[in-house]
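Visitor: Got a structure here, written out as structure tokens. Questions coming.
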Amino acid sequence: MHPGSFVPVAGDNVEIVESFTYLGVEIHNTVSSEHDIRKRITIARNCIASLDRNIWHSSVSLPTKLRLYRVFILPVILYGAETWTCHTWLRTVESDLAPLSVGLATTNCRA
């Protein structure tokens with residue numbers, strides 16, 4: 001079965017697709033979590049960028065910055081994580097999230 005073809009389900013024809021979003025989690029036909037993990041990292045980067053000038057580069061204390069990170073950033077990254085495979089998570093984090101974490105650590109040290 002290929003994307004674009006149809007399958008009968010309960011008397012209706014349902015299209016086969018490469019991916020779809022269910023409850024905010026991207027489900028891909030490769031059964032890999034990599035697409036969803038990358039999407040979550042992109043959303044988290046956007047959240048961090050929106051707080052950049054007002055929080056990360058401000059006189060707000062480090063403990064407060066860490067609390068804000070735990071409250072506003074981690075839930076965005078980890079939403080749906082219970083469905084991710086560990087291998088995919090680690091491989092994606094190595095390539096995408098590690099530079100983000102280093103940037104946060106550097107930013108926090110400058111405050």
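Visitor: So how far apart, in nm, are the two label points at Tyr79 and Thr21 if each is 7 Å from Cα heading toward Cβ?
Guide: Going from the Tyr79 label point to the Thr21 one covers 0.9 nm.
Visitor: Please report the base-10 log of the normalised intensity I(q)/I(0) for the stretch 1-87, using a Debye sum with one equal scatterer per alpha carbon and no solvent, at each q in 0.16, 0.18, 0.19, 0.20 (1/Å).
Guide: Values, matching the q order: -0.75, -0.85, -0.90, -0.95.
Visitor: Something else: Extension gain Leu62-Ser32, at 0.36 nm per residue separation less the Cα-Cα distance, in nm? Before the final figure, lay out the partial values.
Guide: Working: separation 30, 0.36 × 30 = 10.80 nm, distance 3.61 nm.
This chain segment gains 7.2 nm when fully extended.
Throughout, read-outs are computed from the coordinates displayed, never taken from laboratory work. A quick note: this is a predicted structure, and the numbers were derived from the prediction, not measured. Note: ideal-geometry Cβ built from the backbone for every residue, glycine included; neighbour counts use all protein chains shown.
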